[in-house]
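Down below is the structure, laid out as structure tokens.
FYI, it's all coordinate maths here, none of it is from the lab. This one's a predicted model, so the numbers in the text were calculated from it and none came from an experiment. FYI the Cβ positions are ideal-geometry reconstructions off the backbone, even for glycines, and counts take in every protein chain you see.
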Amino acid sequence: MRCPYCAEENTQVKDSRSTEDGAAIRRRRVCSVCGGRFTTFERVQLRELTVVKRSGKREPFDRTKLERAIAIATRKRSLDDAVLERMISGIVRQLESSGEAEVGAAEIGGHVMEALRALDDVAYVRFASVYRNFSEAKDFEAFVSDLAETVSARQSAEPGGTN
């Protein structure tokens, strides 16, 4: 592993351990030249995924782009980082285990929408506003109205809810 400080290729692993969800290995490393310390993560990748954008352009799947989009949607929400990491890992596992080498951006967005809807309504609306390309206030109004109806129906169906 190349040192991020001096670009030396000779670094030593000082400590290895699994992450909380067991989906990655965390390694503490030290550079043998400059003494810099840094952490790396290794994840299992079942297959190389290619994302097919709406424009038809193809690009390699990038987990960090998914993480960034979810971080933006969940910003300033009181959500545990471990819960978000499990959600992201679950979405990636779903995509990798689908059996397809190419996955549409809309499919990825659908998985994220589904996961955020179960996790946090505000993050769900934030993500939907970008994913569905809301351009006017009425777009938000219609979406939130549908969400409110769904939440109301879900609450009345729960034990102890109003029927």
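Taking the C-alpha atoms only, the angle from helix 63-74 to the longest principal axis of the chain is near 40 degrees.
What angle do you read, to the nearest 10 degrees and between 0 and 90, between the alpha-carbon axis of helix 81-96 and the longest principal axis of the chain? The helix 81-96 is inclined about 90 degrees to the chain. For the peptides 6-19, 81-94, residues were scored by their other Cβ atoms within 10 Å and the scores averaged per peptide; the highest-first order is 81-94, 6-19.
For n ≥ 4 DSSP H runs only, could you compute -39500 (n - 2.57) per run for the chain, divide by its residues and tell me the 222 nm figure to the nearest 500?
Numbers: 5 runs with 75 residues, N = 163.
Mean residue ellipticity, 222 nm, calculated: -15000 deg cm²/dmol.
Given R0 = 22 Å, the distance between the Cβ atoms of Arg47 and Met1 translates into a calculated FRET efficiency of 0.40.
To the nearest ten degrees, helix 121-131 and the longest principal axis of the Cα atoms of the chain are 80 degrees apart. Within straight-line reach of Lys53, meaning a Cα separation under 18 Å, sit the following aspartates and glutamates at least 8 residues removed in sequence or on another chain: Asp62, Glu67, Glu96, Glu100, Glu102, Glu107. For the chain, the Cα-based Rg and Dmax, in that order, read 20.2, 69 Å.
Each peptide in 24-36, 48-60 was scored by the mean count of other Cβ atoms within 10 Å over its residues; highest first, the order is 24-36, 48-60.
Of all beta bridges that DSSP places with both ends in the chain, some 85 percent have antiparallel geometry.
How much length is gained on full extension from Glu100 to Glu9, taking 0.36 nm per residue of separation minus their Cα-Cα distance?
Details: separation 91, 0.36 × 91 = 32.76 nm, distance 3.50 nm.
Fully extending the segment from Glu100 to Glu9 adds 29.3 nm.
Placing +1 on the Cβ of every Lys and Arg and -1 on the Cβ of every Asp and Glu, with no other charges, gives the chain a dipole of roughly 700 debye about its Cα centre. The H on the amide N of Thr50, modeled in the peptide plane, is under 5 Å from the matching H of Phe61, Glu102, Val103, each at least 5 residues off or on a different chain. Label positions at Arg132 and Asp81, each projected 7 Å from the Cα along the C-beta direction, are separated by 3.2 nm.
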